[in-house]
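A.B. asks: A single structure is presented below for examination.
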Amino acid sequence: MILYLGRSESAMRYLVDGHNLIPNLRGLGLEVIDDEMELIQRLQAFCARGPHQADVYFDNAPAGQAGTRRFGRVTAHFVRAGRTADAAIALRLSKLGRSARQWCVVSSDRSVQAAAKAAQAEVLAAAAFAQRMEAIPDVPSLEVREVALGPDEVEEWLRIFQERKPHPAGKKRES
């Protein structure tokens with residue numbers, strides 16, 4: 001079963017206020033050193049469960065760390081110190097123009113929500129999005145292991161496959 005979240009059963013695009021979402025996810029907090037990377041990994045897992053993509057914005061990037069990095073379907077925007085993720089999201093919405101309607105903005109910040117509504121983007125509070133992310137169970141990976149077959153089992157499988165081997169049409173059997 002595949003579960004898609006959003007307006008319809010189609011791909012959703014999310015603009016995420018990263019530091020606003022982090023405190024709403026179990027096991028994450030702004031005091032954790034690698035909280036941004038952990039959020040990116042969780043967003044990757046979320047996007048892999050449906051045809052989604054996410055652009056996540058983080059403010060206060062350390063000197064030399066500002067910029068945009070791509071992680072599969074997740075694009076992380078590390079906003080340089082002196083600017084805010086809120087302003088970067090508002091600028092992105094402005095640049096999207098009419099296509100902003102195809103995006104869902106994830107934030108509980110009122111100014112970000114106001115910018116999203118003005119751009120006619122969908123708005124989702126950080127806590128509600130966190131619940132969506134955590135509501136989808138992880139798909140267990142298939143365990144692959146090698147099993148040794150005994151000589152009798154190998155002979156039995158060979159016999160089964162030989163019996164089922166089709167003959168090419170129109171060709172004579174060689175004896």
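A.B. asks: Report in % the part of the accessible area of region 1-138 that belongs to carbon and sulfur, leaving out ligands and nucleic acids; probe 1.4 Å. Intermediate results must be reported in sequence, preceding the final value.
C.D. replies: Values: 3680 of 7320 Å².
On region 1-138, the fraction of accessible area on carbon and sulfur atoms equals 50 percent.
A.B. asks: Please work out the average accessible area per residue across region 1-132, using the 1.4 Å probe convention, and give it in Å². Don't skip to the answer; put the middle values down first.
C.D. replies: Values: 6930 Å² over 132 residues.
It amounts to 52 Å² per residue over region 1-132.
A.B. asks: Which order, highest average first, do 29-35, 98-104, 18-24, 74-80 follow once you tally other Cβ atoms within 10 Å for each residue and take the mean per peptide?
C.D. replies: Details: 29-35: 11.1, 98-104: 15.6, 18-24: 21.6, 74-80: 19.9.
Ranking, from highest mean packing down: 18-24, 74-80, 98-104, 29-35.
The values are calculated or read from the model by the stated rules, or taken from the named source; none is laboratory data. On a predicted model such as this, the values are computed, not experimentally measured, just so you know. Neighbour counts run over all protein chains shown; Cβ positions are idealised from the backbone, glycine included. Note: areas computed on protein heavy atoms with side chains; ligands, DNA, RNA excluded. Shrake-Rupley method; radii C 1.70, N 1.55, O 1.52, S 1.80 Å.
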